[in-house]
1. Since M278 meets every condition but one in (1) touching a residue at least 40 places away in the same chain (Cβ under 8 Å); (2) under 19 Å from Y35 (Cβ atoms); (3) buried (at least 24 other Cβ atoms within 10 Å of the Cβ), which condition does it not meet?
2. In the stretch 258-275, how many residues are surrounded by 21 or more Cβ atoms within 10 Å (Cβ to Cβ), farther than 20 Å from I300 by Cα and among the β-branched types (V, I, T)?
3. Name the residues in the stretch 37-49 that are crowded, with 19+ Cβ neighbours inside 10 Å and over 16 Å from the mean Cα position of the chain (by Cα), would you?
4. How many residues does the stretch 43-86 contain that are part of a strand (DSSP E or B), closer than 15 Å to G216 by Cα and touching a Lys or Arg at 6+ places or on another chain (Cβ under 6 Å)?
5. Based on this model, can you work out whether M229 counts as assigned to a loop (DSSP other than H, G, I, E, B), over 15 Å from L6 (Cβ atoms) and not small (G, A, S)?
6. Given (1) closer than 22 Å to L70 by Cα; (2) of a type in the set (S, T, Y); (3) surrounded by fewer than 17 Cβ atoms within 10 Å (Cβ to Cβ), where does T121 come up short, assuming only one miss?
7. For the stretch 81-99, check the following and say yes or no: at least one residue is within 15 Å of T161 (Cα to Cα) and basic (K, R).
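Each reported figure results from applying straightforward, stated rules to the coordinates on display, with no laboratory input. Being a predicted model, the structure only gives us computed values, none of them experimental. Reconstructed Cβ throughout: ideal geometry from the backbone, glycine too, with neighbour counts over all protein chains shown.
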Amino acid sequence: MTTPDLAVDIGGLKLQNPVMTASGTFGYAREFEHYIDLNRLGGIIVKGLSLKPTEGNPPPRIVETSCGMLNAIGLENVGIDAFIQDKLPFLKTLHPPIIGNIYGKTIEAYARLAERMEPLTAVEGLEVNISCPNVKEGGVAFGSDPKIAYEVVKSVRQKTTKHLMVKLSPNVTDIALMAKVAEDAGADALSVINTITGMAVDLSTRRPKLANITGGLSGPAIKPVALRMVWQAAQAVKIPIIGVGGIMNATDALEFMMVGATAIQVGTANFVNPGSTMAIIDGMEKWLKQEGLNDIKQLIGTLVTEG
């Protein structure tokens, strides 16, 4: 049997396979160059970027939990200027599409970041993190308010011609509504989901284990929630969904595609095994051969829910 075709198209952005790296878990790619063949990846999403360098939260800011981890890094990053000067030259040498993850505390900050990214030809797309607090609205997360989420995505859309992906927060009542809002505002694709808010306590000290008290839960523990939300979002919109949340192996990745994802992102698994992405690509190919399928797209959205 010939080698199965793993190529997918996520709203105009063509990937050689569906395996992308989740922002915040892969640095700026160079950190992994000695562990994997970066050019085999479907796409590379860099660590979240803000207008100015951000130190993030004080430690401790990572805690291992049952079947996952909590992080309260606080979106530490080098800022857009250092990214362009120090990180982009290496990223330019790579084959997979580079996607810049951006975040801000005001709608204006998102728009300005999109403007700064627009002339960077090496960056083919933007992923908008709307799980951040809106300082002008009392700290409510952009991604939890449909009207504000719409305005953020619309403001970025007006400033960029690049592929526009929106990373949805799971900390909402209706993920399908938020998906539709992002689509209506101009998103080309959606990444579903970001981390789930959680906390951990130390019984002996009677204190939170994270200095920030709460953090984002990721890893296998959130996979069932992520699968459900991808399934719901895929039924609500016409644009492609990128599944994120607890994907540790090829089986996990294929399940996300079966419920409606066109591509997936690998996050926490990168910390457990830096070679996870390569193993997932190999595993996908092997499974397709076993099933007698010659194209990964034959799997997308084939979940049977009736009969």
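1. (3)
2. 1
3. L38, the sole residue that qualifies.
4. Number of matching residues: 1.
5. No: the conditions fail for M229.
6. The one condition T121 does not meet is (1).
7. no
Residues checked against (1) touching a residue at least 24 places away in the same chain (Cβ under 8 Å); (2) among the aliphatic types (A, V, I, L, M):
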site: L177; (1), (2): yes, yes
site: G186; (1), (2): yes, no
site: I196; (1), (2): yes, yes
site: A200; (1), (2): yes, yes
site: P208; (1), (2): no, no
site: A211; (1), (2): yes, yes
site: T214; (1), (2): yes, no
site: P224; (1), (2): no, no
